[in-house]
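**Q** One structure coming up, written as structure tokens, with questions to follow.
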Amino acid sequence: MLQLGLDSTTLARTRFGISPAFTAVESLSLLRRDGASKGRMPDLIRQVVQERRLVLLEALFSGEWDYVPDALTPQPRRPETDLADELHAIATTSPQRLRWEIRLLLKGTTGNLRAHPTPAVLRNAIEQGEQRLAERLAAEIEQYWHTLGAPMWSSLRTRMLYDIEARGKHIVEGGFGAMLGTLHPSMHPWRENQLRLFSRLSGNVSASGGLHLVPMVFTRSRPLLVADLSPAPERRLPMIGYPAQADGTTDPLIPATPELLGATRARILADLQTPRTTTELSERHYLTAGTVSYHLKILHRAGLVARARNGYRVLYQQTENAAALLAGLKQGIA
């Protein structure tokens, strides 16, 4: 169990925030190998990470780590942080702080954190030095965000604002301490100047100076705590990511952008208003059958293409989601 010390002064300094970098990290957590994350969104995230060759993010989030460097989720300075400011904060993380975080990642122990074998790509990046590592992490987060996060940011932000407004009503009706107990079943209501989080990890976390609460829109299984579980250089205030309340809308659509679809996949998808086979698409687009099959597999996994067998032939056709997304793309280009 984790216990956060929250006295009345700390509660007075606790605030909600919206952070693109935190949202990026939250979405990347769907890549974990614990079997909890299945469906179209994890597949899409994995596709983006692999196709953009974001090797550090893949190494950090595709394994079984209990912890990833806190540098990826900079300390918020305002209620709503700009991504450019966060990228700068990531790239300029102090070497001493990042060295401490990397040691925690690799060695574990603190708060029951487990050590794991280090992937070669991550080990090589660490050997290049903390400054270079911080710059590479910022660059990969930026690529990931502009490919996946930015196209859906408007709808994600709307859900976060809705949630924060709803939490404000809880505060009015029951007080700040009672509201904390509504964030997630694993979080017990605040009492005796402590907030308890049921977790495999253990320890006492000081929130002296304040606490940041960040709504999460990709994951609902557990809160995401960013905090110093042991004395650390350049101490930071703890952050708790919690599942945002539903706002009555559907989950954000998979973003159909030229960067994500790619020109080839976009052409194939647009050509599937009429059911076609792999052979037909290969001939119409001057591509090998293997290349067409690869793109169709991705489109089908993303829910943009449906397939049906007709005798010995397998036909592919756009889904309703694909038609709507392609129409949105045309409007954006017009």
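The values are calculated or read from the model by the stated rules, or taken from the named source; none is laboratory data. Quick caveat: nothing in here was measured; it's all calculated off a predicted structure. Glycine also receives a Cβ, built like all others from the backbone with ideal geometry; neighbour counts cover every protein chain displayed. To get the accessible areas, we keep the full protein, side chains included, count just its heavy atoms, and leave off ligands, DNA and RNA. Shrake-Rupley method; radii C 1.70, N 1.55, O 1.52, S 1.80 Å.
**Q** Excluding the sites themselves, what is the longest stretch of the chain that contains no chymotrypsin sites (Phe, Trp or Tyr not before Pro) in a DSSP loop with at most 16 other C-beta atoms within 10 Å? Mind dumping the intermediate values first?
**A** Working: sites that count: PHE198, TYR286, TYR312.
Within the chain, the longest run free of exposed chymotrypsin sites (Phe, Trp or Tyr not before Pro) spans 1-197.
**Q** Same structure, new question: Taking the Cα centre of the chain as origin, sum charge times position over the Cβ atoms of Lys and Arg (+1) and Asp and Glu (-1), and report the length of that vector in debye to the nearest 20. Present the calculation step by step, with values, prior to reporting the outcome.
**A** Numbers: 40 positive and 32 negative charges, 148 e Å.
The dipole magnitude comes to about 700 debye.
**Q** Amide H to amide H under 5 Å from GLY241: which residues, 5+ apart in sequence or cross-chain, H placed 1.01 Å off N in plane?
**A** Here VAL214, LEU224, LEU225, VAL226 satisfy the definition.
**Q** Say a paramagnetic label sat at a point 7 Å from the Cα of SER202, along Cα to Cβ; which residues of the stretch 1-23 have their backbone N under 14 Å from it?
**A** Residues passing the 14 Å test: 1-3.
**Q** If you don't mind, another one. On a 0 to 90 degree scale, rounded to 10, what angle separates helix 289-301 from the longest Cα axis of the chain?
**A** Its long axis makes an angle of about 50 degrees.
**Q** Can you run phi through the Karplus equation (6.51, -1.76, 1.60; θ = phi - 60°) for the stretch 143-157 and list ³J(HN,Hα) in whole Hz, with x for Gly and Pro?
**A** 4, 4, 5, 5, 7, 10, x, 4, x, 10, 4, 4, 6, 5, 4
**Q** Extent of the chain along each principal axis, from alpha carbon coordinates, in Å, largest to smallest?
**A** So the three principal-axis extents are 69, 51, 37 Å.
**Q** Send over a whole-number figure in Å² for the accessible area per residue of the chain, probe 1.4 Å.
**A** 49
**Q** Ignoring ligands, DNA and RNA, what percent of the accessible area of the chain is carbon or sulfur (1.4 Å)? Could you put the intermediate results ahead of the total?
**A** On the way: 8320 of 16270 Å².
The C+S portion of the solvent-accessible surface of the chain is 51 percent.
**Q** What FRET efficiency, computed as 1/(1 + (r/R0)^6) with R0 = 30 Å and r the Cβ-Cβ distance, is obtained for GLN273 and ARG220, rounded to the nearest 0.05? Let's see the in-between values first.
**A** On the way: r = 35 Å, r/R0 = 1.18.
In this case the efficiency is close to 0.25.
**Q** Angle between the Cα long axis of helix 95-107 and the longest principal axis of the chain, 0 to 90 degrees, nearest 10?
**A** Its long axis makes an angle of about 80 degrees.
**Q** Quick check on the chain: helices-only [θ] at 222 nm, where DSSP H runs of length 4 and up contribute -39,500 (n - 2.57) each and the sum goes over total residues. Nearest 500, please.
**A** Details: 15 runs with 155 residues, N = 334.
Counting only the DSSP helices, I get -14000 deg cm²/dmol.
**Q** Oh, and also: For a quick check of your reading of the filter: which GluC sites (Glu not before Pro) in the stretch 146-203 sit in a DSSP loop and have no more than 14 other Cβ atoms within 10 Å? Before the final figure, lay out each step's value.
**A** Numbers: sites: GLU165, GLU173, GLU192; in loops: GLU192.
Loop-located and lightly packed - GLU192.
**Q** How big is the Rg/Rh ratio for the stretch 25-98, C-alpha atoms only, Rh by Kirkwood, two decimals? Don't skip to the answer; put the middle values down first.
**A** On the way: Rg = 13.7 Å, Rh = 13.7 Å.
In the stretch 25-98, Rg relative to Rh is 1.00.
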